[in-house]
1. So for segment 179-195 (the condition being buried (at least 18 other Cβ atoms within 10 Å of the Cβ) and in a strand (DSSP E or B)), does at least one residue qualify?
2. Among the residues of segment 219-235, are any touching a Phe, Trp or Tyr at 6+ places or on another chain (Cβ under 7 Å), in contact (Cβ under 8 Å) with a residue 60 or more places away in the chain, in a loop (DSSP other than H, G, I, E, B) and surrounded by fewer than 22 Cβ atoms within 10 Å (Cβ to Cβ)?
3. For segment 102-111, does any single residue satisfy the condition of being touching a Lys or Arg at 6+ places or on another chain (Cβ under 7 Å) and of a type in the set (Gly, Ala, Ser)?
4. Hey, among the residues in segment 106-165 that are of a type in the set (Val, Ile, Thr) and closer than 14 Å to LEU96 by Cα, which one's surrounded by the most Cβ atoms within 10 Å (Cβ to Cβ)?
5. Among the candidates ALA123, ALA152, ALA182, single out the residue that is at pLDDT below 95, among the aliphatic types (A, V, I, L, M), out of contact with any helix residue (DSSP H, G or I) (no Cβ under 9 Å at 6 or more places or on another chain) and closer than 30 Å to LEU247 by Cβ.
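The values are calculated or read from the model by the stated rules, or taken from the named source; none is laboratory data. This one's a predicted model, so the numbers in the text were calculated from it and none came from an experiment. Neighbour counts are summed over all protein chains in view; Cβ atoms, including those assigned to glycine, are modelled from backbone coordinates with ideal geometry.
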Amino acid sequence: LTLPARLFAASFPGERGEQAAFRQLAAWADFTLVIAPELDGLLEERCRWVLESGGRLLGPTPEAVRLTADKLALAKHWRRQGVPTPLTCRPCKCALPYPVVCKLRHGAGSLGTTLARDAAEQAELVKRPGEWVIQSLVPGRPASLAFLIGPAEITPLLPAWQHLDSSFRYLGGAAPIPAKLAERVQRLAQRAVECVPGLLGYVGVDVILGDAEEGSGDVALEINPRLTTSYVGLRRLAQGNLAEAMLQCVQGKTPRLTWQPGPLRWSADAE
């Protein structure tokens, strides 16, 4: 990888060396954008390192990461706030009608997500390593919307379709989507982020659009408190610098973004 002269890459000799170097760089930098999976608290921990080092996060607080990375806690929070989301519970705590979706409670993306068609399948699936939750299967079309979130303003980017295979594995996305459907995505996704304190910078929301034209069957699925693969497509469609807009938003300024008409498709490999 060849980097421009103004950039440099740092390598870390082992876990202890990583933390020391990370903290040093976070204290030195104007902002730190942490790109890490939510798995095993990796993202939350590194966000905490930034703050403990006196650095400035270009992203959500550790507390916001903890809430959004926990599928069970987020579902409960959304329900208390009136945000429509699928019923989600521990396998031993409730009985949902089959089929159900089995997910890692603290998984990243669709890692480990599997459909259970009956109780026997569910019992086998939740024996796998990790803490599992089950979720009602909601029919519809998956979509996503990323936001740039500042101290006082939430700027929606461009709603996009999500392409998944039969195992819920993310294959890529496409944008733009028809205007009326885009309005439904934005209306729901904005409600989903507005009720979560501590979100900042680039944040993605996954939703499902149901069959009802007025949106009564639409549900929010997840919040991704980090850069998502959609950034690759959005960056190509944006007429302006998306990273600069992120910095402006975090500093309390209003980013001015316009979009090329598209259409554009991208893969899970960010191509």
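1. Within segment 179-195, none of the residues are buried (at least 18 other Cβ atoms within 10 Å of the Cβ) and in a strand (DSSP E or B).
2. Within segment 219-235 (the criterion being touching a Phe, Trp or Tyr at 6+ places or on another chain (Cβ under 7 Å), in contact (Cβ under 8 Å) with a residue 60 or more places away in the chain, in a loop (DSSP other than H, G, I, E, B) and surrounded by fewer than 22 Cβ atoms within 10 Å (Cβ to Cβ)), the answer is yes, since at least one residue qualifies.
3. Yes: one or more hits.
4. ILE134
5. ALA152
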